[in-house]
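Asks: Structure provided below as structure tokens; questions to follow.
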Amino acid sequence: MKVKTLAAALTATLAASVALADKVTFNSGSFLTGTAGEIVGDVLKFTSDDLGVKMDIPVKAIAVLESNGQHVIEYKDLSRETKNLTIKDGAFVVEGKKIDMANVKAIDPGVETWHGSVHVSYESNRGNTYKNAASVLADVSRRWEKDRLTAKFGYYYSETGVSKQSKDKDTDRWEVEAQHDHFWAPKLYSYENGRYEQDDIAGLDYRLRLGAGGGYQWLEKSAVDGVGTFSFSQELGLAWVKADYQHKDPDADDSYATIRYAHHLAYRPKWYAGVDVVHNLEYLPQIDDWENYLMKADIGLTTKVFGDFDLLAKIEWDYNSRPSLGRKSSDTRYILGLGYKW
């Protein structure tokens, strides 16, 4: 009697475990049982009980997914809801009805986390030339459902001479900036930003800029067949600038209002996922004096070296139509450094 009772209990437990398991039936008629996980793109993450391995199963290869799993559905208006989602004939099904994918941005979108990088470059010469040069570039960003925050920091220093005793400082600059974007629609956003910078060699004691405006995210990690992934946005707004120089141009105002135009491009080629190319441009003409303007542009790339470490190659250009007296309007920096990205 005890043996029969134990056997019945084991049979019931086994039946219950089978009932609780998720089941994937393929178009061929074969099936697997296990645990259905996230759906990333058009791929189901599945852990097979039969094989004891994790696998990626294309949604189009699934005839039926039997599961009680909860999945996050993000719509193109950026709203989200969590539903019991299954698959039938390669289509997503909720409560027995197929989802209209024309209104869906993503299934199980990735969890928003902080991303950033720190890159350091250093050059040292000894002999006929005595030189020390270094730069530190850092950035951090995060994307939420309807908000995005980015912040950047840069420091540049160099000293050059024929000996340690005769060296002169020829670069001493630092800058910090931050911007917050709020998306009112999937592509349309407003922004507020600020920037502070000093440059002793350029005769700039300080420059403070505060601004606000609107932007349009034409592309956001959008895949182009055979080419790669692109992000591109344009911004237009107003800004207030206050600056102080060591030797001020008599025609330059201490503070003034400007129009601000900017665009931002990021590209990851399909042929090598370890490369990222970026380009940014910003133009700020004074509203009541268009001959006075600031421009800033950069272009650069990072390529993975090992793990989370990468190599940075970048060109930065700054232009001030009315610099400190005795200083040049244009500054160009060429940067090659090693960094860590997360």
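The values are calculated or read from the model by the stated rules, or taken from the named source; none is laboratory data. The shown structure was predicted, so the numbers you read here are calculated from the model rather than taken from an experiment. Positions of Cβ are backbone-derived with ideal geometry, glycine not excepted, and every protein chain shown enters the neighbour counts.
Asks: Taking segment 316-342 as the region of interest, how many residues are in a strand (DSSP E or B) and farther than 19 Å from His247 by Cβ? Steps first, please.
Replies: Within segment 316-342, the subset in a strand (DSSP E or B) is 316-320, 330-341.
Within this subset, residues satisfying the condition of being farther than 19 Å from His247 by Cβ are 316-317, 332-341.
The qualifying residues number 12.
Asks: Also, I was wondering about something else. Select from segment 96-114 the residues that are assigned to a strand (DSSP E or B) and under 25 Å from the mean Cα position of the chain (by Cα) and list them in ascending order. Show your work before the answer.
Replies: Pass one, segment 96-114, residues assigned to a strand (DSSP E or B): 97-98, 104-107.
Those that are assigned to a strand (DSSP E or B) and under 25 Å from the mean Cα position of the chain (by Cα): Val104, Lys105, Ala106, Ile107.
Asks: Just for segment 267-300: of the residues that are among the aliphatic types (A, V, I, L, M) and over 15 Å from the mean Cα position of the chain (by Cα), which one is surrounded by the fewest Cβ atoms within 10 Å (Cβ to Cβ)?
Replies: Ranking the qualifying residues of segment 267-300, first place goes to Ile287.
Asks: Consider Ser163 against the criteria (1) in contact with a Gly (Cβ under 9 Å, 6 or more places away or on another chain); (2) not in a strand (DSSP E or B): it satisfies all of them except one. Which criterion is unmet?
Replies: The single condition Ser163 does not satisfy is (1).
Asks: Take Val305 and decide whether it is at pLDDT below 95, surrounded by fewer than 17 Cβ atoms within 10 Å (Cβ to Cβ) and among the aliphatic types (A, V, I, L, M). Explain how you work it out, then say what you get.
Replies: On the way: at pLDDT below 95: yes; surrounded by fewer than 17 Cβ atoms within 10 Å (Cβ to Cβ): yes; among the aliphatic types (A, V, I, L, M): yes.
Taking the combined requirement at face value, the residue satisfies it.
Asks: Going through segment 148-174 one residue at a time, which ones are free of Cβ contacts under 8 Å to residues at least 60 places away in the same chain, hydroxyl-bearing (Ser, Thr, Tyr) and closer than 25 Å to Asp205 by Cβ?
Replies: Result: Tyr155, Tyr157, Ser158, Thr160, Thr171.
Rundown of residues vs (1) exposed (fewer than 13 other Cβ atoms within 10 Å of the Cβ); (2) at pLDDT 80 or above; (3) not assigned by TED's automatic domain parsing to the domain that holds Lys60, yes/no style:
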| residue | (1), (2), (3) |
| --- | --- |
| Ile73 | no, yes, no |
| Asp77 | yes, no, no |
| Lys83 | no, yes, no |
| Ile87 | no, yes, no |
| Ala91 | no, yes, no |
| Val94 | no, yes, no |
| Asp100 | yes, yes, no |
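Asks: If you don't mind, another one. Let me spell it out: the conditions are (1) out of contact with any helix residue (DSSP H, G or I) (no Cβ under 6 Å at 6 or more places or on another chain); (2) at pLDDT 75 or above; (3) more than 28 Å from Gln217 (Cβ to Cβ), and Thr5 meets all of them except one. Which number is the exception?
Replies: (2)
Asks: Which residue, of Ala252, Ala273, Ala257, Ala313, is without any contact (Cβ under 8 Å) to a residue 40 or more places away in the chain, outside any strand (DSSP E or B), among the small types (Gly, Ala, Ser) and assigned by TED's automatic domain parsing to the domain that holds Leu204? Give the steps one after another, and end with the answer.
Replies: Values: Ala252 fails: without any contact (Cβ under 8 Å) to a residue 40 or more places away in the chain; Ala257 fails: outside any strand (DSSP E or B); Ala313 fails: outside any strand (DSSP E or B).
Of the residues listed, the single one that is without any contact (Cβ under 8 Å) to a residue 40 or more places away in the chain, outside any strand (DSSP E or B), among the small types (Gly, Ala, Ser) and assigned by TED's automatic domain parsing to the domain that holds Leu204 is Ala273.
Asks: From the list Glu123, Glu112, Glu145, exactly one residue is in contact (Cβ under 8 Å) with a residue 60 or more places away in the chain and loosely packed, with under 14 Cβ neighbours inside 10 Å. Which is it?
Replies: Numbers: Glu123 fails: in contact (Cβ under 8 Å) with a residue 60 or more places away in the chain; Glu112 fails: in contact (Cβ under 8 Å) with a residue 60 or more places away in the chain.
Answer to the check: Glu145.
Asks: With respect to the numbered conditions (1) in contact with a Ser or Thr (Cβ under 8 Å, 6 or more places away or on another chain); (2) under 26 Å from Phe153 (Cβ atoms); (3) surrounded by fewer than 14 Cβ atoms within 10 Å (Cβ to Cβ), which one is the sole condition not fulfilled by Gly213?
Replies: It fails just one condition, (3).
Asks: Okay, next question. Out of the residues in segment 40-95 that are outside any strand (DSSP E or B) and among the β-branched types (Val, Ile, Thr), which is nearest to Trp144 (Cα to Cα)? Can you show your working first?
Replies: Narrowing segment 40-95 to residues outside any strand (DSSP E or B): 41-42, 49-53, 59-61, 67-69, 76-79, 89-90, 95.
If we keep only those that are among the β-branched types (Val, Ile, Thr) as well, we get 53, 59.
On the way: Val53: 33, Val59: 27 Å.
For segment 40-95, the residue satisfying everything is Val59.
Asks: Let me ask you something else. So, Gly41, is that one surrounded by 15 or more Cβ atoms within 10 Å (Cβ to Cβ) and at pLDDT below 80 or not?
Replies: Numbers: surrounded by 15 or more Cβ atoms within 10 Å (Cβ to Cβ): no; at pLDDT below 80: yes.
Judged against the criteria, Gly41 is not a match.
Asks: If you check Pro323 against the conditions, is it modelled with pLDDT of 95 or more, in the same structural domain as Ser231 (by TED's automatic domain parsing), surrounded by 16 or more Cβ atoms within 10 Å (Cβ to Cβ) and under 25 Å from Asp205 (Cα atoms)?
Replies: Numbers: modelled with pLDDT of 95 or more: no; in the same structural domain as Ser231 (by TED's automatic domain parsing): yes; surrounded by 16 or more Cβ atoms within 10 Å (Cβ to Cβ): yes; under 25 Å from Asp205 (Cα atoms): yes.
No, not satisfied.
Asks: Of all residues in segment 82-132, which are of a type in the set (Val, Ile, Thr) and under 30 Å from Phe153 (Cα atoms)? Working first, answer last.
Replies: Taking segment 82-132 as the starting set, the residues that turn out to be of a type in the set (Val, Ile, Thr) are 82, 86-87, 93-94, 99, 104, 107, 111, 113, 118, 120, 129.
If the condition is that a residue be of a type in the set (Val, Ile, Thr) and under 30 Å from Phe153 (Cα atoms), then Val111, Thr113, Val118, Val120, Thr129 are the ones that fit.
Asks: Then there's this: Cβ contacts < 7 Å: first residue under 20 Å from Asp254 (Cα atoms), restricted to segment 287-310; second residue assigned to a strand (DSSP E or B) and β-branched (Val, Ile, Thr), any location; separation 6+ or different chain. Result?
Replies: These pairs meet every condition: Ile287/Thr258; Ile287/Ile259.
Asks: Which one is modelled with the highest pLDDT, of the residues in segment 200-211 that are charged (D, E, K, R) and farther than 11 Å from Asp244 by Cα? Walk me through how you get there before you give the answer.
Replies: Quick first cut of segment 200-211, residues charged (D, E, K, R) only: 200, 205, 207, 209.
Of the ones still in play, those that are also farther than 11 Å from Asp244 by Cα are 200, 209.
Details: Asp200: 93, Arg209: 97.
Selected residue: Arg209.
Asks: Moving on. If I ask for residues that are of a type in the set (S, T, N, Q) and touching a Leu at 6+ places or on another chain (Cβ under 9 Å), which ones from segment 75-129 would you list?
Replies: Our first condition is that a residue be of a type in the set (S, T, N, Q); within segment 75-129, this holds for 79, 82, 84, 86, 103, 113, 117, 121, 124-125, 128-129.
Residues satisfying the conditions are Thr86, Ser117, Ser121.
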